[in-house]
1. Within 14 Å of Asp137 (Cα to Cα), outside any strand (DSSP E or B) and modelled with pLDDT under 80: does that describe Val68?
2. Do we find a residue being modelled with pLDDT of 85 or more, assigned to a strand (DSSP E or B) and open to solvent by less than 20 Å² (accessible area, probe 1.4 Å) anywhere in segment 360-375?
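The values are calculated or read from the model by the stated rules, or taken from the named source; none is laboratory data. All of these numbers come straight from a predicted model, not from anything done at the bench. Heads up: the accessible areas ignore ligands, DNA and RNA and are worked out on the full protein's heavy atoms, side chains in. Shrake-Rupley method; radii C 1.70, N 1.55, O 1.52, S 1.80 Å.
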Amino acid sequence: MIRRLRLQVVAVCMLLVTGVLGGVFFSMYTAAKDGIRHSTQELLGRVIASDPRVDQGQSGIMIGGDQVQLPYFTVEVWGKTVYVTGGTYSDLENTETLRDILQSCMDQGTETGTVPAYNLRYLRVNNGFFERIAFVDISMETASLQTMIRSTLQIGAAALVLLLGVSVLLAWWVTRPVERAWKQQHQFLSDASHELKTPLTVILSNAELMESVPLDPRPARWADNIQSEARQMKSLVEEMLTLARADNMVRTSVFSGVSLSDAATDCALLFEPVAFEAGKTLNYEAIDPDVIISGDPDKLKQAVSVLLDNAIKYGAKDAPIELSVQKADRHAKLQVSNQGPSIPPEQLAHLFERFYRADASRGEKAGFGLGLSIAQTIAAEHKGTLRAESDEVSTRFILTLPLLRK
């Protein structure tokens with residue numbers, strides 16, 4: 001959990017930093033692009049408004065604080081006749097290049113624009129009898145923007161690497177108190193569970209000894225109550241201890257090749273009379289044979305037992321409980337379903353939380369709300385998943401585990 005929290009802190013920090021840097025760099029690029037374009041447009045305005053031969057000082061723009069002279073030329077269009085009236089280009093008169101440039105310019109039909117094939121920007125002015133067009137080379141503009149993009153990307157990458165290290169350190173520093181509190185909480189849970197087992201065992205032993213002695217009806221009923229509540233307490237302590245070991249990553253399972261089919265069948269045989277007493281039938285004919293996985297047979301049976309017990313408790317009366325085991329690609333799929341009131345989506349997401357019980361939809365039943373959490377922990381320990389689905393037809397718990405690789 002702490003590792004996931006640290007990753008989330010780092011991810012949030014990097015997303016925010018990336019967003020800020022991206023916004024700053026985009027604003028800088030847009031401002032530079034607009035500035036250079038505006039300077040080029042001003043140059044075109046000066047060129048087209050001047051005499052045919054423009055002083056060379058007028059054909060420059062400021063790029064990066066330096067005065068840069070840009071190649072340009074102007075033409076006058078009289079009907080179908082074109083004259084090159086000035087500029088720094090030579091040998092353009094009556095050439096195929098000039099005809100291509102003018103054709104592209106005329107096809108766009110706009111007062112200003114670009115001719116990408118020749119890296120030119122143009123400005124058109126109609127004087128009534130003829131049309132004057134000024135062209136300026138934008139190769140320098142394009143190169144400057146490309147250089148800016150490369151520099152920005154390099155600076156941004158270096159900044160992100162540096163800030164990633166800062167974010168990792170920040171996440172470690174911020175989550176230290178949480179990690180310390182988390183460890184203390186789980187250590188307390190583990191220690192308390194261990195310490196409670198001994199007095200509960202003594203209480204149960206004394207309650208059983210009292211049963212062996214003839215008692216009056218009232219003391220006998222008190223002894224039964226003591227024994228019943230002590231058993232519930234012992235069950236709760238054992239479940240808490242199981243979760244505490246899982247949180248502390250204490251692996252108690254011994255993995256080997258296990259037939260999930262046999263484990264599911266054994267659990268079904270144990271719960272068949274329980275379902276019968278609850279007025280329900282347990283169907284387990286849909287168990288495929290020889291579904292082999294790597295796992296701990298006792299832990300797998302515990303997970304299946306939790307799901308069956310849950311289905312029997314909360315299933316509709318006289319409705320069947322369905323247990324199935326199937327192969328799906330490279331995974332084994334165990335499903336337990338029961339009919340009954342559907343679970344709202346907002347409660348489905350919390351079913352596997354500790355001590356959570358969807359009482360509003362499922363009614364008050366015996367239990368501590370730890371069973372499904374334990375089953376999910378067992379699934380995760382076996383590199384599998386456990387999820388819940390619910391609709392108007394049924395509620396389904398689906399355990400998916402990887403098949404044993406041969």
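1. no
2. No, segment 360-375 contains no residue that is modelled with pLDDT of 85 or more, assigned to a strand (DSSP E or B) and open to solvent by less than 20 Å² (accessible area, probe 1.4 Å).
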